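Step one of this worksheet: look at the structure below.
The values are calculated or read from the model by the stated rules, or taken from the named source; none is laboratory data. Just so we're clear, the structure is a prediction, and the values are computed from it rather than from any experiment. No Cβ is skipped: glycine too gets one built from the backbone with ideal geometry, and neighbour counts run over all protein chains shown. Please note that ligands, DNA and RNA were not included when accessible areas were found on the heavy atoms of the full protein model with its side chains. Shrake-Rupley method; radii C 1.70, N 1.55, O 1.52, S 1.80 Å.
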Amino acid sequence: MNGSGDLFDKFDELIAVRDNLLATGVTDPFSLVMEKVISPTVAICNGRETILLGTYNYMGMTFDPDVIAAGKKALEEFGSGTTGSRVLNGTYAGHKDVEEALKEFFDMKGAMVFSTGYLANTGIISTIAGKDDYIILDMDSHASIYDGCAMGNANVVPFRHNDVEALEKRLKRLPEDAGKLVILEGVYSMLGDVAPLDKMVPLAKKYGAMVLVDEAHSMGFIGEHGRGVCEAQGVIDDVDFIIGTFSKSVGTVGGYCVSNHPKFEILRLVSRGYVFTASLPPSVVATAATSVRKIMHAKDKRAHLWENSRTLHKGLTDLGFELGTKEPQSAIISVIMPDLEKGAMMWEALLKEGLYVNLARPPATPAGMTLLRCSLCAEHSSAQVQEILGMFERAGRATGCID
């Protein structure tokens, strides 16, 4: 072979880890197929009815009748896709409508919709922070945030996860007159822990930094109106940009950024992730707009989701599992496993019980942990949560994860 070698050689270590795991006989936890989805909380997986506890469908909007009806109507009236960018032929009435819905939801003056949440982060971050600017970000930030930093030319300064003092130390060292962007997340998706935004946002402002908060895992159910941790901690008016996704609480696909910045609209002409990709299909933006407006008034759903979170967290703790947070902080409850092999065994045992959760492994997880990540839904009944606890108990004892 000519050249310096196979470009796939860099993946050999990961290939070996996967091969060794599958050699134990466990089901491949990263290739699950849902043969039929019955509801936001139940699907047919491997031929059996399975409770879904790993879908990010926090508000259970995927089967909402109004949402489905809006999607069907748009599909019939506008067709299956736009075949173009938002700045060319890809802006339909529905795209403007969903942006209006987001402005109403967050009570913000500006909103941009991207084709995915990943594109929202990469498109905004790589555009607003350029050469000679500084991005100060939490070390546990999502991959899309890191990729947005890599795509731009800014200097990247990470700080220890959720550490207010570490953030201030980084900010103190930066040139006073430099452009600075602090990037935080409301809820961190691996452990389900919440950022101390009430301390971090004022600190960033003290040092002249703009603030971007990713509320992907908190929009819909945290805060009085579901606007996220920014709202719950009283700093939403001080945040410059909020980024989120439609693929979680909203129940479809797409990403967005909302802002009160007076020059926000110029981003439509300079953000490559917005300009150089096809816009969302009309049926998708119709479902998103309908869902966002319904979530605004979903106080009962929010209350039930918090009840589910408290019940599951306490139940798993009482059974002897080690969790990612001492108290329930979000709809994500992460169960820490001793290692990948044990985690895969527990994941498979739960699947055989009729429960689907996410198996998360390094490098996606913090501190090299293997996690079973549980994502609760507002449509999980109290009875289902009790059933889930029974499944965890049986699987945990069968695999030796609990005594």
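Counted residue by residue at 0.36 nm each, then reduced by the alpha carbon distance between them, the extension gain from PHE8 to LYS131 reaches 41.1 nm. What the Cβ-Cβ distance of ILE402 and LEU88 gives, at R0 = 41 Å and to the nearest 0.05, is a FRET efficiency of 0.15. The slack between MET296 and SER381, meaning 0.36 nm per residue of separation minus the straight C-alpha distance, is 28.5 nm. Computed per residue of the chain from DSSP H runs no shorter than four, each worth -39500 (n - 2.57), the mean residue ellipticity at 222 nm is -12000 deg cm²/dmol.
Placing unit charges on the Cβ atoms of the charged side chains and taking the dipole of the chain about its Cα centre, the candidate lying farthest along the positive direction among MET369, TRP347, ASN308 is ASN308. The loop-placed GluC sites (Glu not before Pro) in the range 164-195, going by DSSP, that have at most 13 neighbouring Cβ atoms within 10 Å of their Cβ come out as GLU176.
Out of ALA289, ALA70, ALA93, any idea which swings most in a Gaussian network model of the chain, alpha carbons joined below 10 Å? The residue that fluctuates most here is ALA93. In the chain the longest region clear of chymotrypsin sites (Phe, Trp or Tyr not before Pro) that are loop-assigned by DSSP and have at most 13 other C-beta atoms within 10 Å covers 31-275. Within the chain, the longest run free of exposed loop sites, counting trypsin sites (Lys or Arg not before Pro) that sit outside DSSP helix and strand states (H, G, I, E, B) and have at most 12 other Cβ atoms within 10 Å, spans 132-262. Pairs with C-alpha atoms separated by more than 32 Å, drawn from the list LYS72/LYS342; LYS73/LYS263; LYS199/LYS301, are LYS72/LYS342; LYS73/LYS263. Heavy-atom accessible area for VAL182, with the other protein chains in place and a 1.4 Å probe, reaches approximately 0 Å². Here the relative contact order of the chain, from alpha carbon pairs under 8 Å that lie six or more residues apart, stands at 22 percent.
As a fraction of the 1.4 Å probe accessible area of the chain, surface on carbon and sulfur atoms comes out at 53 percent.
Expressed as a fraction of 2.2 N^0.38 Å, the value expected for a compact globular protein of N residues, the C-alpha radius of gyration of the chain is 1.00. On full extension, the segment bounded by MET139 and PHE30 gains 36.7 nm, given 0.36 nm per residue less the C-alpha separation. Residues whose amide H falls under 5 Å from that of LEU355, counting only those 5 or more places apart or on a different chain, are ILE51, with hydrogens built in the peptide plane.
Just check the range 65-296 against the gyration tensor rule for me: Cα atoms, a ≥ b ≥ c as the square roots of the eigenvalues, rounded for a/c under 1.5, and otherwise prolate or oblate depending on whether a/b exceeds b/c. It comes out prolate by the Cα gyration axes. Along the range 39-48 the Karplus relation, 6.51 cos²θ - 1.76 cosθ + 1.60 evaluated at θ = phi - 60°, assigns HN-Hα couplings of 7, x, 10, 9, 8, 9, 10, 6, x, 10 Hz to successive residues, with x for each Gly and Pro. Which shape class, rounded, prolate or oblate, goes with the range 1-108 when its Cα gyration tensor gives a ≥ b ≥ c as root eigenvalues, a/c under 1.5 marks rounded, and past that a/b bigger than b/c marks prolate? Oblate, because a/c is 1.5 or more while a/b does not exceed b/c.
Each Lys and Arg Cβ is given +1 and each Asp and Glu Cβ -1; about its Cα centre, the range 65-296 then shows a dipole of about 420 debye. In this simple spin-label model, placing a label point 7 Å from the Cα along the Cα-to-Cβ direction at both ALA303 and ARG48 gives a separation of 3.7 nm.
Summing Cβ point charges (Lys, Arg +1; Asp, Glu -1) relative to the Cα centre of the chain gives a dipole of roughly 520 debye.
The simple spin-label model puts a point 7 Å past each Cα toward its Cβ; for LYS169 and GLU104 those points are separated by 4.7 nm.
Think of a 1.4 Å ball rolled over the protein heavy atoms: the chain then has 44 Å² of accessible area per residue. Working from label points 7 Å from Cα in the Cα-to-Cβ sense, the LEU22 to ALA364 distance is 1.7 nm.
Legend: residues LEU372, LEU88, LEU319, sorted from most to least accessible area (1.4 Å probe; ligands, DNA and RNA excluded), read LEU88, LEU319, LEU372.
Computed on the range 65-296, with alpha-carbon pairs under 8 angstrom and 6+ residues apart, the relative contact order is 32 percent. For the range 65-296, build the charge dipole from Cβ charges (+1 Lys, Arg; -1 Asp, Glu) around the Cα centre, then report which of ALA166, THR91, HIS217 sits farthest towards its positive end. So the residue furthest toward the plus end is THR91. Each part reduced to its alpha carbon centroid, the range 364-394 and the range 274-302 end up 26 Å apart. Residues HIS304, HIS297, sorted by accessible area with the largest first, give HIS297, HIS304 [1.4 Å probe; ligands and nucleic acids excluded].
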